[in-house]
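Working notes, structure below.
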Amino acid sequence: MLKRSPGVIAGLAALMLTLAACGGSSGGTTAGGGSSSSSGGSKAASGKVGVILPDSQTSPRWEANDRPLLSAAFKAAGVQADIQNADGDTSKFGTICDGMINAGVKVLLIVNLDSDSGSACLKKAQDAGVKTIDYDRLTLGGGASYYVSFDNVAVGKLMGAGLEKCLTDMGKTSNVNIVYINGDPTDNNAALFKQGYVEATKPLIDSGKYKLVGDQTGKWDEDIAGTAFEQLYTQNKGKIDGVVSANDTMAGGIIARLKAQKLNGKVPVTGQDASVAGLQAILAGDQCMTVYKAIKKEADAASQLAIALIQGKDASSIATGTVQDTVLKKDVPSALETPQAIYKANVKDVIDDGFWKASDICKGAVVAECTKLGIQ
Ligand code: BGC
């Protein structure tokens, strides 16, 4: 919007003044890390950043990966960051949001729990002159300045293509019944992932090789996903050949139900997040694939954007993509990283990338597989 506004110069001037005023008066906030300069045209980013993570149940990533990687990225950039978790509670989310705005953060990054509570927080921040970034999940109608995430339709395509690969490797190419266990409908990403796997499986379904015999939400919850799968399994009298599960947490719940039927490893299940449990299930042969998202890149892009916003700089070289806010009918400048499909044969890539240590994954029953695959 700023780009097209005729008052762009005035707007920028006002922004600089605001930044200068904030830098001079809000004594509570200091530059973190190696930077100690606070005003006078310094190049160092001055001002605190607030980050609200959504929960610690729907995926281990938020606490195990995003928190430490964001914390490290902001530290390396010399920016002080306050990272809090809303624990899946929209009212706690609102309280954290208010607290961060009152504490004088200059930039707020949120992973929303739903569009309404996310938008309410973003609006309050914007009214208070705080710059906003949607982290990982786009807040529909929220109007954040930037969006940092992965190409989430590509994530879904990897799941759809991954399921086809797993089924083909098992010799199953026709008369194949598949089901979708989708993420939480309150999460815009769940729709983007689904768009991807619907697209990837459409030719197989259109040609009659595959039949979609179930399409349910697992709400990013292990038990809800497991129960949804079990109901579909009963409805289809056990004739389910493959499962698109939109993340590893839900895959865990589905695999538990397959184990109870002694069908684990016989019905391929997809996932996402390259979680410890997900990778171990792949090594054990219970899960067919996962989608690895290098969260370090996402965290680094987020910290670079936060600095650009604090300094009032143009960030078009970082946010080179766009994603549509379908409510505002507006393209949001976005930094979108590239996901990677992980099967048993390339689990090592995730370890080589530093996402986990071999010792995090190679425990108990999967030690022998790790040795075979040269993961150490
Ligand atoms: C994230 C996934 C995560 C899911 C549940 C999505 O928005 O992109 O990585 O598994 O939320 O937390």
dims of the chain, Cα set, principal axes, largest to smallest, nearest Å -> 68, 44, 35
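Ranked from highest to lowest mean number of other Cβ atoms within 10 Å per residue, what is the order of the peptides 95-105, 111-121? If you can, show how the numbers build up before the last one.
Numbers: 95-105: 18.2, 111-121: 22.2.
In descending order of packing, they fall as 111-121, 95-105.
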Taking r as the C-beta separation of Q261 and K75 and R0 as 45 Å, the FRET efficiency to the nearest 0.05 is 0.40
Per the Cα gyration tensor, segment 138-240 corresponds to an equivalent ellipsoid with semi-axes, largest first in Å, of 27, 18, 10
Connecting every pair of Cα atoms under 10 Å apart in the chain and solving the GNM, the largest mean-square fluctuation among Q57, Q261, Q280 falls on Q261
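Of the listed pairs K194/K239; K131/K194; K157/K329; K172/K372; K92/K363; K131/K348, which have alpha-carbon separations greater than 32 Å here?
K92/K363; K131/K348
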A convex hull over the alpha carbons of segment 184-243 yields, per residue, a volume in Å³ of 79 Å³
Reduced to Cα centres, the span from segment 126-148 to segment 54-114 in Å works out to 13 Å
Placing one equal point scatterer on each C-alpha of segment 153-198 and summing with Debye, one gets log10 I(q)/I(0) at q = 0.24, 0.26, 0.34 Å⁻¹ equal to -0.82, -0.90, -1.17
Subtracting the Cα-Cα distance of S91 and A345 from 0.36 nm times their residue separation yields 87.1 nm
Comparing D151, D314, D300 in a Gaussian network model of the chain (Cα, 10 Å), the one with the largest mean-square fluctuation is D314
Counting only DSSP beta bridges with both partners in the chain, the antiparallel fraction in percent, to the nearest 5, comes to 20 percent
Using the Kirkwood radius over Cα pairs of segment 280-343, the Stokes-Einstein translational diffusion coefficient at 20 °C and 1.002 mPa s, in µm²/s and rounded to a whole number, is 152 µm²/s
Heavy-atom accessible area of K296, protein chains in place, probe 1.4 angstrom, given in Å² to nearest 10, is 120 Å²
Filtering the chain for DSSP H helices with an axial alpha carbon extent of at least 24 Å and a Kyte-Doolittle mean of at least -1.0 returns 8-25, 152-169, 188-206
Semi-axes (Å, rounded, descending) of the ellipsoid equivalent to segment 267-376 per its C-alpha gyration tensor are 35, 17, 9
Dividing the alpha-carbon radius of gyration of segment 101-172 by 2.2 N^0.38 Å, where N counts its residues, gives 1.61
Relative contact order as a percentage, the chain, C-alpha pairs under 8 Å and 6+ apart, gives 16 percent
Using alpha-carbon coordinates alone, the radius of gyration and Dmax of segment 219-310 in Å work out to 16.4, 58
Dividing the mean separation of Cα pairs under 8 Å (6+ apart) by the residue count of segment 257-364 yields a relative contact order in percent of 27 percent
Over its alpha-carbon atoms, segment 61-183 yields an Rg and a Dmax in Å of 18.8, 60
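The values are calculated or read from the model by the stated rules, or taken from the named source; none is laboratory data. Note that this is a predicted model, so its numbers are computed, not measured. Cβ coordinates were reconstructed from backbone atoms using ideal geometry, including for glycine residues, and neighbour counts include every protein chain displayed. When the accessible area is computed, the model is the full protein with side chains, heavy atoms only, and any ligands, DNA or RNA have been set aside. Shrake-Rupley method; radii C 1.70, N 1.55, O 1.52, S 1.80 Å.
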